[in-house]
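Encoded as structure tokens, the structure appears first; notes follow it.
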Amino acid sequence: MEDPQLDCALDLMRRLPPQKIESNLSNLIELVPHLCENLLSAVDQPLKVARDKAVGKDYLLCDYNRDGDSYRSPWTNQYDPPLPDGAMPSERLRRLEVEANSAFDQYREMYFEGGVSSVYLWDLDHGFAGVLLIKKAGDGSNKIKGCWDSIHVVEVNEKSSGRAAHYKLTSTAMLWLQTTKTGSGTMNLGGSLTRQAEIEANVGESSPHIANIGRMVEDMENKIRNTLNDIYFSKTKDIVNGLRSTSSAADNKQRDMLKKDLANALHKRNQPAAN
């Protein structure tokens, strides 16, 4: 049975700024402490970055690479702080995880030109599941700050033949931007979007799991980016243009008079035809 309080809390979190999710979630849990576990598992939070000192590379932290208070690095497969009995993927899946991190590291560089990406996989009874994380934060140049966080959770159900698989992808993107200019002041723009997709695909040398998942993630990110652009940027532009006119009152009056004259001329022109 659905909890109306939980539905209202999740609905509220979807409408609050993504850059303040942690503080808003903490405040919300203080108001309804009995929903703590449900809220923590249902609300996606901005990704945090850690550094693997052994190889000198950054990786992203999330619930999927956490065991207790330790987080597993996708580069060395070691936990920090060290955890001897931490959860590990099977040897086959670890090899796939290494390949996936290499492939999506190139994908991130091509599409985002920077940032951090991480891929984590874990075993299931009839296949495996994984999460692809991408974070790109703005450097504050040109008085523009912002951050993109995308979380792609994929579940792969391998068929008994081993030549096909069912893929279920759940993607969440969180975006926020802040601009500060002398003429317009400070403007904040942000939001999040979650979408799902499922496909059946062949698995083989020409179309391995990484390629199938990669195509799904690429298509989904393009759709989410286009939707965010239409919803947030285009809609905001329409609202601002409706609130503020760039032309003077005299120009507007002259334009209205011209419209009226044209309408009268067309009306007079059509009158003889009507008679």
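Rule-based calculations on the coordinates, nothing more; no lab input. If you're wondering where the values come from, they're calculated on a predicted model, not measured in any experiment. Glycine gets a Cβ as well: all are built from the backbone with ideal geometry, and neighbour counts include every protein chain shown.
Here are the numbers for the structure shown:
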read-out: Euclidean distance between Cα centres, the stretch 190-251 to the stretch 110-166, Å; value: 16
read-out: In Å, descending, principal axis extents of the Cα set of the stretch 1-140; value: 44, 43, 29
read-out: Computed E for Asp58/Leu243 - FRET, C-beta separation, R0 35 angstrom, nearest 0.05; value: 0.25
read-out: Counted charge near Asn38, where neighbours are those whose Cβ lies closer than 13 Å (Asp, Glu -1; Lys, Arg +1); value: -4
read-out: FRET efficiency for Ile199 and Arg92, using Cβ-Cβ distance with R0 set to 30 Å, rounded to 0.05; value: 0.85
read-out: Net charge of neighbours whose Cβ lies under 15 Å from the Cβ of Val49, counting Lys and Arg as +1 and Asp and Glu as -1; value: +2
read-out: 14 Å beta-carbon shell around Phe128, net charge (K/R +1, D/E -1); value: -2
read-out: Acute angle (nearest 10 degrees) that the helix 209-228 long axis makes with the longest principal axis of the chain, alpha-carbon atoms; value: 30
read-out: In nm, spacing of pseudo-spin labels at Glu22 and Val49 (7 Å Cα→C-beta vector); value: 1.4
read-out: Over the chain, relative contact order from alpha-carbon pairs under 8 Å, at least 6 apart, %; value: 11
read-out: Subset of Lys168/Lys237; Lys145/Lys168; Lys145/Lys253; Lys53/Lys145; Lys57/Lys235; Lys20/Lys235 violating a 31 Å alpha-carbon distance limit; value: Lys168/Lys237; Lys145/Lys168; Lys145/Lys253; Lys57/Lys235
read-out: Projected area, mean over directions - the stretch 221-269, Cα convex hull, nm²; value: 5.5
read-out: Model label zone, Leu262; criterion: amide N under 20 Å from point 7 Å along Cα-to-beta-carbon; scope the stretch 209-253; value: 246-253
read-out: Cubic angstrom per residue, convex hull over Cα atoms of the chain; value: 270
read-out: Stretch in the chain that is longest and holds no GluC sites (Glu not before Pro) that DSSP places in a loop and that have at most 12 other beta carbons within 10 Å; value: 3-112
read-out: Calculated FRET value between Lys168 and His34, using beta carbons and R₀ = 25 Å, to 0.05; value: 0.25
read-out: Ratio of the Cα radius of gyration of the stretch 57-126 to 2.2 N^0.38 Å, where N counts its residues; value: 1.14
read-out: Dimensionless Rg over Rh [the stretch 152-266; C-alpha; Kirkwood]; value: 1.31
